[in-house]
Amino acid sequence: PRPGTGTGMFVKLLSPAAIALRGPDLLVADAGASRLWRLDAAMNQASGIAGAPVLPNTALAIGPDLSAWVLDPASRQVLRFAREGRLLQTYRVPTELPSPVAFTLADGGATLLVADGLGAQWSEQRGASGIVQKVSPQVEGGARISGVDGIAATESALFVLDRLGAAVHRVARDGRVLATLGRGELMQPSAIAADRHGRVFVIDQAQLLLVLLREGAPAQRFDARDLQMQRLGGIAIDERVLALSDPILGQVATFLIAP
């Protein structure tokens, strides 16, 4: 098929931004074309999700049932689409969160956590009609952290990105900061992803680096050029596969993570 038709795997990406990965499924928000693509590596197919809002600050996730979750900051909502593209649910972001910038799924996909960059907090909501609970991360002594600009959940840990503080914090679900990573290593962190081993991968826009952080271990740094990329946009992890988008080259690259 011709590039851009939406059938087969030959889809021409203009400016891929946010991405999400689970099993054979890869979601790509193409900010240049204002389209959300689902790429199925197992079936060698690509399809667009009609009605999914795509902007440069759109955020994505894939649920355990392979549903597509899309954050629309402008409309202050998170939309959940079935695998075939049907809209299943709409989650309204509460007014107490002035600047929704990112989200993640926790508790096996049952709980939605929305990061509020301006308020340095996140919200937790179980189900579209569930009660929304706000959480404000605090370090020992009660001081607030600078911001919650990104959020990543694993089975055993929750990590938040603090852009102004140029750090990543491992936090408890009640907001207690348990550890801080990347201090002195990061300059302009823009996105994070974490795996079940407690490894956190951070995109640093200022240094054009992918930085790997882990408690008790030195940081590892990977230059974008060594990864054959010009700019690092979105990031996603599933098991041992890491995906990165490049909005300049118009591509998404996948890498196998060493044990």
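Things to note:
- I145 passes every criterion in (1) surrounded by fewer than 20 Cβ atoms within 10 Å (Cβ to Cβ); (2) at pLDDT below 95 apart from (1).
- Screening S129 against (1) farther than 24 Å from S15 by Cα; (2) of a type in the set (S, T, N, Q); (3) open to solvent by 10 Å² or more (accessible area, probe 1.4 Å); (4) under 20 Å from the mean Cα position of the chain (by Cα) leaves a single unmet condition, (4).
- The set of residues in region 71-89 that are surrounded by fewer than 16 Cβ atoms within 10 Å (Cβ to Cβ) and either part of a loop (DSSP other than H, G, I, E, B) or among the small types (G, A, S) (or both) comprises A74, S75, A82, E84, G85, R86.
Residue-wise test of (1) free of Cβ contacts under 8 Å to residues at least 40 places away in the same chain; (2) of a type in the set (D, E); (3) within 20 Å of Q230 (Cβ to Cβ).
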position	(1), (2), (3)
V11	yes, no, yes
L14	no, no, yes
A17	no, no, yes
R22	no, no, no
R35	yes, no, no
N44	yes, no, no
S47	no, no, no
G51	yes, no, no
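- Test: residue in region 172-192 that is on the phi > 0 side of the Ramachandran plot and under 17 Å from the mean Cα position of the chain (by Cα): no
- Of residues in region 43-70 being over 18 Å from P16 (Cβ atoms) and open to solvent by 80 Å² or more (accessible area, probe 1.4 Å), the one modelled with the lowest pLDDT: M43
- From the options A236, A253, residue that is out of contact with any helix residue (DSSP H, G or I) (no Cβ under 9 Å at 6 or more places or on another chain) and buried (at least 20 other Cβ atoms within 10 Å of the Cβ): A236
- Restricting the search to strands (runs of 3 or more DSSP E) fully inside region 90-192 and requiring at least 1 residues that are in contact with a Leu (Cβ under 7 Å, 6 or more places away or on another chain), aromatic (F, W, Y) and touching a residue at least 40 places away in the same chain (Cβ under 8 Å) gives 100-106.
- Scanning region 211-255 for residues that are of a type in the set (D, E, K, R) and closer than 22 Å to E155 by Cβ yields a total of 5.
- Residue match in region 109-124 (condition: acidic (D, E), open to solvent by 30 Å² or more (accessible area, probe 1.4 Å) and either under 17 Å from D162 (Cα atoms) or modelled with pLDDT under 95 (or both)): no
The values are calculated or read from the model by the stated rules, or taken from the named source; none is laboratory data. Everything numeric here is computed off the predicted structure, so don't read it as measured data. Cβ sites come from the backbone with ideal geometry, for glycine too, and all protein chains shown count toward neighbours. For the accessible areas, the whole protein counts, side chains as well, though only heavy atoms, and no ligand, DNA or RNA atoms are used. Shrake-Rupley method; radii C 1.70, N 1.55, O 1.52, S 1.80 Å.
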